[in-house]
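The values are calculated or read from the model by the stated rules, or taken from the named source; none is laboratory data. Predicted, not measured: the structure shown is a model, and the values here were computed from it. As a convention, Cβ positions derive from the backbone with ideal geometry for all residues, glycine included, and neighbour counts pool all protein chains shown. In case anyone asks, the SASA skips ligands and DNA or RNA and just uses the protein heavy atoms, side chains included. Shrake-Rupley method; radii C 1.70, N 1.55, O 1.52, S 1.80 Å.
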Amino acid sequence: MDMIDLEHKIMEAEDAGARLKLIATDGVFSMDGDVAPVGDIVALAHHHGAQVFTDECHATGFVGATGRGTDEHCNVLGQVDIINSTLGKALGGGTGGYTTGKADVITLLRQRSRPYLFSNSLAPCMVAASIAVFDLLSSSSTLRDSLQENTDYFRRQMAAAGFSIRPGSHPIVPIMLGDAALANKMAAAMLEKGVYVVGFSYPVVPKGTARIRVQLSAAHQREHLDKAIAAFKDVGKQLGVIE
């Protein structure tokens with residue numbers, strides 16, 4: 001993220017007489033697994049009297065030492081003004097999400113937010129399950145630690161095999177291929193070997209950055225990871241991705 005450009009944008013807003021300044025960012029960018037420099041963003045916001053909003057949908061439950069998200073990961077826990085996230089993805093729910101912030105912000109959203117006003121309430125079973133997951137995450141980091149161990153292992157093995165993967169520690173692991181047709185062929189060949197992965201290409205990602213997007217889980221056992229890695233090696237050699 002270009003922090004110099006971000007500061008220029010804030011200064012332009014100040015010069016234009018903006019009364020309120022809000023920096024909005026993903027905590028983790030879903031196609032690349034890149035973690036935003038939330039600590040630097042918070043510092044910049046404090047310097048300019050701005051507020052910070054983060055979307056934590058790809059961070060809640062597993063990013064940070066106890067899974068509280070990118071603000072914990074970047075050592076600014078409690079300093080992000082507005083956090084939006086999902087009850088799906090890592091938390092396991094099929095529907096629903098939430099926004100946290102100061103009471104006056106939440107009150108305003110309850111009165112003015114169209115997605116809130118024109119949505120049905122969550123099913124009681126989803127609410128109960130989500131509360132149980134939050135309690136589980138608050139009492140133990142076992143699942144989060146297992147996920148990180150799986151992620152580190154998979155990333156190491158895939159890099160050692162010769163695949164081009166984006167650096168990082170996030171369980172979203174993009175296998176960079178560049179060509180859209182190649183990404184689709186690899187995904188289809190992987191499925192034939194019993195491994196379901198998805199190829200992504202333009203316009204979902206920029207042209208020339210087609211990839212296979214792998215998502216690791218705490219439920220994966222080492223044998224599952226080894227099966228997937230072996231399949232990637234076989235298919236990668238068949239398609240000329242690796243030697």
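Near Ser139, once Lys and Arg are set to +1 and Asp and Glu to -1 for all other residues with Cβ below 15 Å from its Cβ, the sum equals 0.
Based on every Cα atom in region 64-167, Rg and the maximum pairwise Cα distance Dmax equal 17.4, 54 Å. For Lys102, go through the lysines and keep the ones whose alpha-carbon is under 19 Å away, minus same-chain ones fewer than eight residues off. Here the lysines satisfying the reach criterion relative to Lys102 are Lys21.
Work out the charge dipole of region 98-204 with +1 on the Cβ of Lys and Arg and -1 on the Cβ of Asp and Glu about the Cα centre, then indicate which of Met190, Thr100, Val127 is farthest towards its positive end. So the residue furthest toward the plus end is Thr100. Once you order the gyration tensor axes a ≥ b ≥ c over the Cα atoms, which shape class does region 190-243 get: rounded for a/c under 1.5, otherwise prolate or oblate by comparing a/b with b/c? Here region 190-243 falls in the oblate category. Under a Gaussian network description of the chain, with springs only between Cα atoms under 10 Å, the residue in Gly97, Gly199, Gly69 that fluctuates furthest is Gly97. With a 1.4 Å probe and all protein chains left in place, how much of the accessible area of the chain comes from carbon and sulfur atoms, in whole percent? Ligands and nucleic acids excluded, carbon and sulfur give 53 percent.
Bridgeable lysines around Lys237 (alpha carbons under 19 Å apart, same-chain partners fewer than 8 residues away excluded): Lys185, Lys193, Lys227.
For region 34-85, report the accessible area per residue in Å² (1.4 Å probe, heavy atoms, rounded to an integer).
On the way: 1970 Å² over 52 residues.
For region 34-85, the solvent-accessible area averages 38 Å² per residue.
Which chymotrypsin sites (Phe, Trp or Tyr not before Pro) in region 144-243 sit in a loop by DSSP (not H, G, I, E or B) and have at most 10 other Cβ atoms within 10 Å of their own Cβ? Counting only loop positions with at most 10 other Cβ atoms within 10 Å, the chymotrypsin sites (Phe, Trp or Tyr not before Pro) in region 144-243 are Tyr196. Per-residue surface analysis assigns Thr100 an accessible area of about 60 Å², computed on protein heavy atoms at 1.4 Å probe radius.
Once fully extended, how much extra length lies between Ala18 and Ala159, figured as 0.36 nm per residue of separation less the alpha-carbon to alpha-carbon distance?
Net length gain for the segment: 46.1 nm.
Classify region 12-73 as rounded, prolate or oblate from the Cα gyration tensor: take a ≥ b ≥ c as the square roots of its eigenvalues, call it rounded if a/c is under 1.5, otherwise prolate when a/b beats b/c and oblate if not. Prolate, because a/c is 1.5 or more and a/b exceeds b/c.
Can you give me the convex hull volume of the Cα atoms of region 111-204, divided per residue and expressed in Å³? Can you show the working numbers first?
On the way: hull volume 19.6 nm³, N = 94.
Spread over its residues, the Cα hull of region 111-204 gives 208 Å³ apiece.
In the chain, the calculated helix contribution to ellipticity at 222 nm averages -13500 deg cm²/dmol per residue, counting -39,500 (n - 2.57) for every DSSP H run with n ≥ 4. Taking all protein chains together, Leu225, Leu117 sort by accessible area into Leu117, Leu225, largest first [probe 1.4 Å]. Would you tally the net charge around His48, using a Cβ to Cβ cut-off of less than 15 Å, leaving His48 out, and scoring K and R as +1, D and E as -1? My count for the surroundings of His48 gives -4.
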